[in-house]
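Student: Quick one: this structure, given as structure tokens, is what I'll be asking you about.
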């Protein structure tokens, strides 16, 4: 692979990974803010309603900062298709332009306008309108996720198009939006975002309980967070994770073999828990495995055949098999641990001992970063598993980059470093602002915290 | 069909320039117009709730360009690589400066945010102008449908002139917005700036007609050959006159509407003068991208014609609702004054 393609890949990896850290929480929090607002609205004019409303208001402050960073780091992605992946844009714009333009038209307008109302309008619109705008922000952010996943699903499993004049041309929008790949990838992804939202909620609550501050608020956060974490961790494994793995098994055999570390094709394939893939020796080393489990999980049959990498030409292997393998195992391993943590916390909540169990609160407080790692590792699996294809089985990644004459490797390195520096600064700023918001806590009634909110009080 | 999508794209870019134009103008000007922290607060608060929505028009325009004319999208963005990446960095800086300025009540922090906001807004207005200037001038497209302009090649004399014009025009638009929406001393000073900026804008506009004919004669012949297209330049001149008259009479609402229509006129004139080209090549080169040669497949365009208008109607409804809500009150008072009062229900 030539240098400029590698640089383009690295730049997109950096910008998309950094960006996605924020939408994970945006989508996850949007769900829980909508829930808190719904409880608050239904119990309005009671003490309970007020507590939930105050909790929603605190999370809205964090949401505002998170959303702002998500927006500004998201804009580069849409334009990078053109700057760094011009050949791909030219080839695929006629198909995925549909879903990307739909995201702008249907999701972003609603999301941006109603977020403006939600953040600014607490004292300007009725309680009902404020609640509705929270629901719109939730719907907008999840709809935005849908269109992005629909775009990615086409790259993973292209449908509804013909190739004519060297370009992909749409022949059915219906097929594009009902791609087999889409529903389970979407469900799996959104459930992953909800897990982060839930664990962040629980961690904040645990932090305040352990620091002996804001008890009322902290209990709402822990309760809602733990119950949400249990529900979505369970959904993450089954059915969404299970069905998504089947999609990969059926449509991307090379990616599936790399994820599971399967080299020789076998009947009754084992499920590898631990092991190191060696692409030179074409086998997995130092393994601990559950015999026959992989065959059972893919086809509900203990002796069915699983195709291994050794039966797939190497030019169709993912560019880095170990990367796919480790990313996948990190995701699955963390997902399992998080499910256990959520289940244990939910058990203690049920027994009424959670708020006083310091060990469990500590665990909840430090668990949330691992949800981010699991989400990112999942995407790393999907995207590196798709290699060497940009559009699976249709266009190779190397063929999709901008011509080297327009964007040579040196130019790409310059802007890659520029993005790295800018994003380092943005990341530090983000953490600093979040620490301030958390230090002030939910009972702070100091001046509003966003320009949007400032405008509200100005009128 | 391709012509319809050309019109939609032009319309969306026009809406973007009119809406985000005043945000950018306010940004570029506010250090000059607003004298103290309170006024700067009022200036940024005036655009606070709407700037993000306004910027979505840029994203949505990019989406429609990608959807309908992927070849032009690919060629323009890779060919103007550095310019585009700089725009992205500036958009990151501007968005964060605006959204995060209120997070910390420290004068140094706010001054730093204001400086970033002003510099990035002004530079963006300039760079957008430079980009449009290069489109009008034509780019060195090759037979493969791509081109490469180094950053300094993209800063040619014509594009720079258009860039300066863009900066002045958006500053005038922003000053008009503050004259209408600002309060107290802020509005008074904006009312002093607006006529001067509008005059500069009018002079530059007149001065740029000649150079435009030199770099792209077709801009004029295209309009004259299809006389109905002369509506657009007539609108431009008429709107400019209306803006000046509005300012003279102290009718700032009408002056701002005139300024908005002037921008509409400029962009539609440009679109009408370029058509059927989306991305023309340098004069006398044959590889320019037209609405037909850059378009997506027929099915993609007809399908999108079904859902796109629905989305636009929804967007228009959201925007009308939000603007009515935020701009219902007569003027925006300074924030600190408002904070001493209990929030109104």
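Student: Compute the length gained on full extension between residue A:211 and residue A:243: take 0.36 nm times their separation in residues and subtract their Cα-Cα distance, giving the result in nm to one decimal.
Tutor: The residue A:211-residue A:243 span can extend by a further 7.4 nm.
Student: Kindly provide the Kirkwood hydrodynamic radius of region A:243-393 in Å, to one decimal, from all pairs of distinct alpha carbon atoms.
Tutor: 16.7
Student: Another one. Springs between alpha-carbon pairs under 10 angstrom, Gaussian network model over chain B: which of B:262, B:82, B:321 fluctuates most?
Tutor: B:321
Student: Something else about it: Working from Cα positions, state the angle (0 to 90°, nearest 10) between the long axis of helix A:3-42 and the longest principal axis of chain A.
Tutor: Here the helix axis deviates by roughly 40 degrees.
Student: How long are the three semi-axes of the equivalent ellipsoid for region B:177-262, computed from the Cα gyration tensor as the root of 5 times each eigenvalue, in whole Å, largest first?
Tutor: Calculated on Cα positions only, the semi-axes equal 31, 14, 8 Å.
Student: So what are region B:2-300's ellipsoid semi-axes, whole angstrom, largest first, if each one is the square root of 5 times an eigenvalue of the alpha-carbon gyration tensor?
Tutor: Working from the Cα gyration tensor, I get semi-axes of 33, 23, 16 Å.
Student: Another one. For region B:288-328 and region B:203-272, what is the separation of their Cα centres, given in Å?
Tutor: Cα centroid of region B:288-328 versus Cα centroid of region B:203-272: 24 Å apart.
Student: Kindly provide the helix-only [θ] at 222 nm of the protein assembly as shown, computed as the sum of -39,500 (n - 2.57) over DSSP H runs of four or more divided by all residues, to the nearest 500 deg cm²/dmol?
Tutor: Rounded to the nearest 500, it is -25000 deg cm²/dmol.
Student: I would also like to ask the following. Using alpha carbon centroids, what distance separates region A:234-292 and region A:39-108, in Å?
Tutor: Spelled out, the Cα-based centre of one part sits 34 Å from the other.
Student: With axes computed from alpha carbons, what is the tilt in degrees of helix B:81-100 against the longest principal axis of chain B, rounded to the nearest 10 within 0 to 90?
Tutor: It is inclined by approximately 20 degrees.
Student: Top mean-square fluctuation among B:167, B:266, B:100, Gaussian network model of chain B, C-alpha springs under 10 Å?
Tutor: In the Gaussian network model the winner is B:100.
Student: Between the alpha-carbon centers of region A:401-424 and region B:38-78, tell me the distance in whole angstrom.
Tutor: Value for the Cα centre distance between the two parts: 23 Å.
Student: What shape does the protein assembly as shown have by the C-alpha gyration tensor, where a ≥ b ≥ c are the square roots of the eigenvalues, rounded means a/c under 1.5, and otherwise prolate means a/b greater than b/c and oblate the rest?
Tutor: Oblate shape, in that a/c is at least 1.5 and b/c is the bigger or equal ratio.
Student: Now, a different point. Quick one: grab the alpha carbon gyration tensor of region A:127-264, order the square roots of its eigenvalues as a ≥ b ≥ c, and give me rounded if a/c is under 1.5, else prolate or oblate depending on whether a/b is larger than b/c.
Tutor: The shape class here is oblate.
Student: Further, regarding this structure: Can you quote the Å³ per residue value for the convex hull of the Cα atoms in region A:323-386, rounded to an integer?
Tutor: In region A:323-386, the Cα convex hull volume per residue is 64 Å³.
Coordinate-derived values only; no laboratory data. All of these numbers come straight from a predicted model, not from anything done at the bench.
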